[in-house]
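Read through the structure below, which is laid out as structure tokens, and then see the notes.
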Amino acid sequence: MSLTNERIQQRLTEKFGDVVSGFEEPYGMLTFTAQRDFNLKIMQFLFDDEELRFQFLTDITAVHYPERKNEELAVVYHLHNFQDNVRVRLKVFAPVAAPKVFTASKLFLSANWMERETYDFFGIDFVGHPNLKRILNVDEMTYFPMRKEFPLEDSMRTDKDDEMFGRGGNI
Amino acid sequence: MQDQKQHIKLPEGSIEKTTQTLNLGPTHPATHGVFQNILEIDGERIVSAESTVGYIHRAFEKIAERRPYYQITPLTDRLNYCSSPINNMGWHLTVEKLLGIELPKRVDYMRVIIMELARIADHLICNSVIGVDTGALTGFVYLMTYRELIYEIYEEICGSRLTTNIGRVGGFERNFTPAAWAKLDRFMAEYPAVLKEFETLLTRNRIFIDRTSGVGGIDAQRAMSYGFTGPNLRAAGIDYDVRVANPYSSYQDFDFNVPVGTTGDCYDRYLVRNAEMWESLSIIRQAMEKIKGLPEDVYHADVPEFYLPPKQDVYTKMEALIYHFKIVMGETDIPKGEVYNAVEGANGELGFYLISDGGRSPYRLHFRRPCFIYYQAYAELVQGAMLSDAIICMSSLNLIAGELDA
């Protein structure tokens, strides 16, 4: 019998109780939130459990929600069980003031670079990461550019002289 | 015993000092793009390696947060530019999943044809370049003609060749012309013989086998832990293919095999890609057969509020003009939601993680780029190998700088 979302949810709540919450299924993928300090324990459980077997880490990324007080940054993990072909999405929220989340790089080798990328863009401090430094941006950078306080220029703005930027103006 | 020596601090200029540091790249003709590899070499043997990326990072994910959904398609073109139609379709499929758009079968099959053509174009470049890196230019020259023909098919369909921007949310911008079908027929008639000849040239070639077999091997467990997907994972012996696991665009209607290897070395990766090209040819043939029974004038879903109308209609019909403006200016209603959608890109699972807050642009868009994930393993794959193996290893992983950096 293949693994269903209900069964995964049941196993997780049995094992972790209140630590996991917010179960939903947007577009069919089981999504849930975990308390920040338990991310590794939950992934280890999902990895080791003979029934769950989520042994492939598809992706790690983060999202910045400036309006959520004390949980501004969400780290999102996508895990995949190849045998039953089921995916789950795990989220942990961290405050932007001290975004410390345990690293998954001991569990999945692929987490190493994915976490470096997430650190580079969102400043998530992956505790225990062996080499947490910038990966795509320059080392001298002092900010985390994917956060929402660094918006791109609005394409509709009219307050600047286009001529100075090689656009429009008089010939 | 050499690796024991490397940490011993010897006086400057000592003849006992055997390792030296070599920067392979960032812009070296053999690195196929802008990758830097800092290699510690002992003679020609690589003792350790460190990979550095980010030389062409263009902040696509950030740019996407300011763009209406349509204008993100050109960004996806520039990820894996050897097979940009797959990226485009992957993006359209993600948006369609968010919007809940159902496509007519004919559109699905047209997409399958384009995606498989793109897969062939990508694999033929990758495999023939492995040939070039081992010193065999002939195969590359043979196959390049056919990539050209594939590009001509794209050109016939959408007007451009490399960064195709092909298709629309909901289908295609226009129907395949008779000339496109004729070119496709020509490709299908001629390419199998050329591919066979290419295989004859390389697959049993003594030099080629010596240079690739046993080089850059990785076992299944480790490949999985490193997050490998696509041909690189299948070469290690795991038959994971997104087209089979989570079929999209009616892939479930087609009968095809998923070739797997055993040792996960460069030779296996080459064999898997070659076998996949045969499977792709078979899929295209099936799709062309299936498409014949379907109404010929259907090339998009009937969703005017999301499907960007053809230019001719915009010029001549008021409805189309209104929809065109609404879509281009991002005035259409986009549902809130969170979608992860993956397609089998030519070099692995290409995933789009999209969060919509109902605005004209995605709140957050993340590309899961297979190259980025492979490249982490590169340092381990080349450790202990010869310097010349480092080049083969890089080309057989099918690393594309555009996708790596995004």
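The values are calculated or read from the model by the stated rules, or taken from the named source; none is laboratory data. None of these values were measured; they are calculated from a predicted model. Methodologically, a virtual Cβ is constructed for each residue, glycine included, from the backbone with ideal geometry; neighbour enumeration extends over all protein chains shown. Ligands, DNA and RNA are stripped out before the accessible areas are found, and what is left, the full protein with its side chains, is counted by its heavy atoms. Shrake-Rupley method; radii C 1.70, N 1.55, O 1.52, S 1.80 Å.
Quick one: would you say A:Arg68 is at the interface with chain B (Cβ under 10 Å from one of its Cβ atoms) and in contact with a strand residue (DSSP E or B) (Cβ under 8 Å, 6 or more places away or on another chain)? Here the answer is no, as A:Arg68 does not meet what is asked.
For segment B:110-118, does any single residue satisfy the condition of being closer than 26 Å to A:Met29 by Cα, touching a residue at least 12 places away in the same chain (Cβ under 8 Å), among the charged types (D, E, K, R) and more than 14 Å from chain A (Cβ to nearest Cβ)? Checking segment B:110-118: at least one residue is closer than 26 Å to A:Met29 by Cα, touching a residue at least 12 places away in the same chain (Cβ under 8 Å), among the charged types (D, E, K, R) and more than 14 Å from chain A (Cβ to nearest Cβ).
Of all residues in segment B:44-61, at least one satisfies being in a strand (DSSP E or B), open to solvent by less than 10 Å² (accessible area, probe 1.4 Å) and among the aliphatic types (A, V, I, L, M). So, in segment B:354-377, exactly how many residues are free of Cβ contacts under 8 Å to residues at least 40 places away in the same chain and either over 30 Å from B:Asp333 (Cα atoms) or within 12 Å of chain A (Cβ to nearest Cβ) (or both)? So the count comes out to 3.
Scanning segment B:209-232 for residues that are out of contact with any Gly (no Cβ under 7 Å at 6 or more places or on another chain) and closer than 22 Å to B:Asp133 by Cα turns up B:Ile209, B:Asp210, B:Arg211, B:Thr212, B:Ser213, B:Gly214, B:Val215, B:Gly216, B:Pro231. Of the listed requirements (1) among the hydrophobic types (A, V, I, L, M, F, W, C); (2) over 18 Å from B:Ala235 (Cα atoms); (3) within 13 Å of another protein chain (Cβ to nearest Cβ), B:Leu387 misses just one: (3). Show me the strands (runs of 3 or more DSSP E) entirely contained within segment A:24-115 in which 1 or more residues are within 30 Å of B:Tyr248 (Cβ to Cβ), out of contact with any Phe, Trp or Tyr (no Cβ under 7 Å at 6 or more places or on another chain) and open to solvent by less than 10 Å² (accessible area, probe 1.4 Å). By residue number, A:30-34, A:56-64, A:73-81, A:86-94.
The set of residues from segment B:28-42 being at pLDDT 85 or above and either of a type in the set (A, V, I, L, M) or touching a strand residue (DSSP E or B) at 6+ places or on another chain (Cβ under 6 Å) (or both) comprises B:Val34, B:Gln36, B:Asn37, B:Ile38, B:Leu39, B:Glu40, B:Ile41, B:Asp42.
Here B:Leu294 clears all of (1) within 28 Å of B:Leu365 (Cα to Cα); (2) surrounded by fewer than 16 Cβ atoms within 10 Å (Cβ to Cβ); (3) touching a residue at least 24 places away in the same chain (Cβ under 8 Å) except the condition numbered (1). For segment B:247-270, the candidate set comprises residues that are aromatic (Phe, Trp, Tyr) and assigned to a helix (DSSP H, G or I); within that set, the residue that is surrounded by the most Cβ atoms within 10 Å (Cβ to Cβ) is B:Tyr270. Does B:Met329 satisfy the criteria of being farther than 30 Å from B:Gly25 by Cβ, more than 12 Å from every other protein chain (Cβ to nearest Cβ), over 26 Å from the mean Cα position of the chain (by Cα) and among the aliphatic types (A, V, I, L, M)? Answer is no for this residue. Is it the case, given these coordinates, that B:Glu380 is within 10 Å of chain A (Cβ to nearest Cβ), open to solvent by 10 Å² or more (accessible area, probe 1.4 Å) and not hydroxyl-bearing (Ser, Thr, Tyr)? Criteria met by B:Glu380. Those helices (runs of 4 or more DSSP H) of segment B:290-406 in which 3 or more residues are out of contact with any helix residue (DSSP H, G or I) (no Cβ under 9 Å at 6 or more places or on another chain) occupy B:318-328.
Could you pull out the residue among B:Phe325, B:Phe367 that is out of contact with any Pro (no Cβ under 6 Å at 6 or more places or on another chain) and either at pLDDT 90 or above or crowded, with 24+ Cβ neighbours inside 10 Å (or both)?
B:Phe367
The residues listed here are A:Gln35, A:Gln10, A:Gln44; of these, the one that is of a type in the set (S, T, N, Q), closer than 18 Å to A:Ser110 by Cα and either more than 11 Å from every other protein chain (Cβ to nearest Cβ) or out of contact with any Pro (no Cβ under 8 Å at 6 or more places or on another chain) (or both) is A:Gln44.
If I ask for residues that are open to solvent by 40 Å² or more (accessible area, probe 1.4 Å), more than 11 Å from chain A (Cβ to nearest Cβ) and touching a helix residue (DSSP H, G or I) at 6+ places or on another chain (Cβ under 9 Å), which ones from segment B:217-236 would you list?
Of everything in segment B:217-236, just one residue is open to solvent by 40 Å² or more (accessible area, probe 1.4 Å), more than 11 Å from chain A (Cβ to nearest Cβ) and touching a helix residue (DSSP H, G or I) at 6+ places or on another chain (Cβ under 9 Å), namely B:Gly217.
B:Tyr340 passes every criterion in (1) modelled with pLDDT under 90; (2) in contact with a His (Cβ under 8 Å, 6 or more places away or on another chain); (3) at the interface with chain A (Cβ under 10 Å from one of its Cβ atoms) apart from (1). Only residues that are away from chain B (no Cβ under 14 Å) and among the polar types (S, T, N, Q) were counted in segment A:71-122, giving 1.
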